[in-house]
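Asks: I'd like to ask some things about the structure below.
The values are calculated or read from the model by the stated rules, or taken from the named source; none is laboratory data. None of these values were measured; they are calculated from a predicted model. Neighbour counts run over all protein chains shown; Cβ positions are idealised from the backbone, glycine included.
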Amino acid sequence: MNSNNNEAYFEPVTGRYLHLQLMGQAHRIYVEEAGEGAPLLCLHTAGSDSRQYRALLNDPELLAKYRVIAFDLPRHGKSSPAAGWHKSEYKLTSRDYVDIVCAVTDALALEKPIVMGCSIGGRIVLNLALECPDRFGALIGLQSGAHVHPYYDLQWLHRPDVQGGETCAGIVSGLIGPGAPETDRWETLWHYMQGGPGVFKGDLYFYKIDGDLRQKVSQIDTSRCPLYLLTGEYDYSCTPEDSLELERLIPGSKLTLMEGIGHFPMSEDPVRFLSYLRPVLEQIQASRVARND
Amino acid sequence: MADPNIEQLAERVNADAWLVHRGRYLSVRFLLTIGIDQYVIEIHKGRIETIESGPFVMARWTFAMKGEREVWEKFSELHPVPRFHDLMALIRFKTLLLEGDQHPFMANLLYFKDVFAYLRPLEIEL
């Protein structure tokens, strides 16, 4: 993302606000994109936003082949919360999350996009694989598992006597691989520090309570939509063992374990992550050509 | 495995002016157990004032962090392996027990993570 000299420059990324109906309410959703070619729709982690994909949105090799798109979920990043948000506790559900991804796909008129999501995004691609696999060209789950047991008291993420942003960052800081570049590590944490009150906690309602797919994932039919999994070895939220179990339960899914990487591959160490992602995208491209897709 | 560098912890933390500044609203006594060894660490406005060694009779503390020596030795490696590289990872896998009033710990989580990182050898020492 750096220019070769100190001159000011613009990135190739374009950001726009998309107005659409979600969950029966008017929403204003921030969408970024760059590149041309097959659509690659990217989903951010819980409590963060589309800036996690900043490196992919600037990678010339990727942009030559793909239209890379990332959007902020409602309440995240530059997407507004819907009217009345201040009157109830935020809880993301599987139903709402699937509907949001499908509605954005429709609104952008994306034809058989590759959908790549991380963490909660890595979980929701499993829901997409179960519910509407024919809509997508391929699905990529980063840090994807069928379920995560709560391993700390979620109340610490949202209470008035604790600074929410710094605590959310503290919760996730160890999920980043120890060898991640300092700039990318702290940019990743900055996004967490900027999250709205209760947003990370509300996303985790889906991740840890509502979105348990252990009894369903074996029904995923990868012949209808290929499913690729990539998981970092330092992730203790979705562990490599969790993804290995997922691969075992879903015939035809393909898992790559990523050395040195944690829970936020595209944001914490983009260069290393791209070295794992590129071969997966090549496999997807080859299989789409073979299927005349 | 590396010995947790408890002897130099106060000196290292207190020499880190930015870390002390980040803990400026924190004053607390907590118990750290490394296997059978016990320490009560007193922090005042982000500085480690004292580290008392046990065994204690009727020690007073706000919260306790209890782990086996082997766990802290793995944590104290310069390049710890996955699951031993972070305090929350230890909590996740139940190799670190956090007991008592967690509020000061959770409200200053990034501060405590950086304090405990000083149990590790500094790169310059190698």
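Asks: Sort out which residues of the range B:51-82 are in contact with a Pro (Cβ under 9 Å, 6 or more places away or on another chain), modelled with pLDDT under 95 and more than 14 Å from chain A (Cβ to nearest Cβ), and write them in order of number.
Replies: none
Asks: Which members of the range A:149-175 meet the condition of being assigned to a loop (DSSP other than H, G, I, E, B) and at the interface with chain B (Cβ under 9 Å from one of its Cβ atoms)? Give the derivation first.
Replies: Applying the first criterion (assigned to a loop (DSSP other than H, G, I, E, B)) to the range A:149-175 yields A:149-153, A:158-163, A:174-175.
The answer is A:TYR151, A:TYR152, A:ASP153, A:ASP161, A:VAL162, A:GLN163, A:GLY174, A:LEU175.
Asks: What's the number of the condition A:ASP210 fails, among (1) more than 14 Å from chain B (Cβ to nearest Cβ); (2) under 22 Å from B:TYR111 (Cβ atoms); (3) among the acidic types (Asp, Glu)?
Replies: (2)
Asks: Residues in the range A:223-232: is at least one β-branched (Val, Ile, Thr) and modelled with pLDDT under 95?
Replies: Let us first name the residues in the range A:223-232 that are β-branched (Val, Ile, Thr), namely A:231.
Imposing the further condition that a residue be modelled with pLDDT under 95 reduces the set to none.
Among the residues of the range A:223-232, not one is β-branched (Val, Ile, Thr) and modelled with pLDDT under 95, which makes the answer no.
Asks: Taking A:ILE284 as meeting all but one of (1) over 18 Å from the mean Cα position of the chain (by Cα); (2) assigned to a helix (DSSP H, G or I); (3) surrounded by fewer than 18 Cβ atoms within 10 Å (Cβ to Cβ), write down the number of the exception.
Replies: (3)
Asks: Quick one: count up the residues across the range B:1-19 that are assigned to a helix (DSSP H, G or I) and touching an Asp or Glu at 6+ places or on another chain (Cβ under 7 Å).
Replies: Qualifying residue count for the region: 1.
Quick grid of which residues meet (1) of a type in the set (D, E, K, R); (2) surrounded by 16 or more Cβ atoms within 10 Å (Cβ to Cβ); (3) part of a loop (DSSP other than H, G, I, E, B):
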position	(1), (2), (3)
A:GLN52	no, yes, no
A:LEU57	no, yes, no
A:VAL68	no, yes, no
A:LEU73	no, yes, yes
A:SER79	no, yes, yes
A:ALA83	no, no, yes
A:TYR90	no, yes, yes
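Asks: Quick one: how many residues across the range A:211-249 are touching a residue at least 60 places away in the same chain (Cβ under 8 Å), in contact with a helix residue (DSSP H, G or I) (Cβ under 8 Å, 6 or more places away or on another chain), more than 19 Å from A:TYR97 (Cβ to Cβ) and in a helix (DSSP H, G or I)?
Replies: Total satisfying the criteria: 1.
Asks: For the subset of the range B:69-102 comprising residues that are out of contact with any Phe, Trp or Tyr (no Cβ under 8 Å at 6 or more places or on another chain) and closer than 21 Å to B:ARG29 by Cβ, which member is surrounded by the most Cβ atoms within 10 Å (Cβ to Cβ)?
Replies: So the first thing to find is which residues in the range B:69-102 are out of contact with any Phe, Trp or Tyr (no Cβ under 8 Å at 6 or more places or on another chain), and the list is B:69-70, B:72-73, B:76, B:78-81, B:94, B:96-97.
Still in the running and closer than 21 Å to B:ARG29 by Cβ: B:72, B:96-97.
Values: B:TRP72: 26, B:LEU96: 22, B:LEU97: 12.
Only one residue tops the list, namely B:TRP72.
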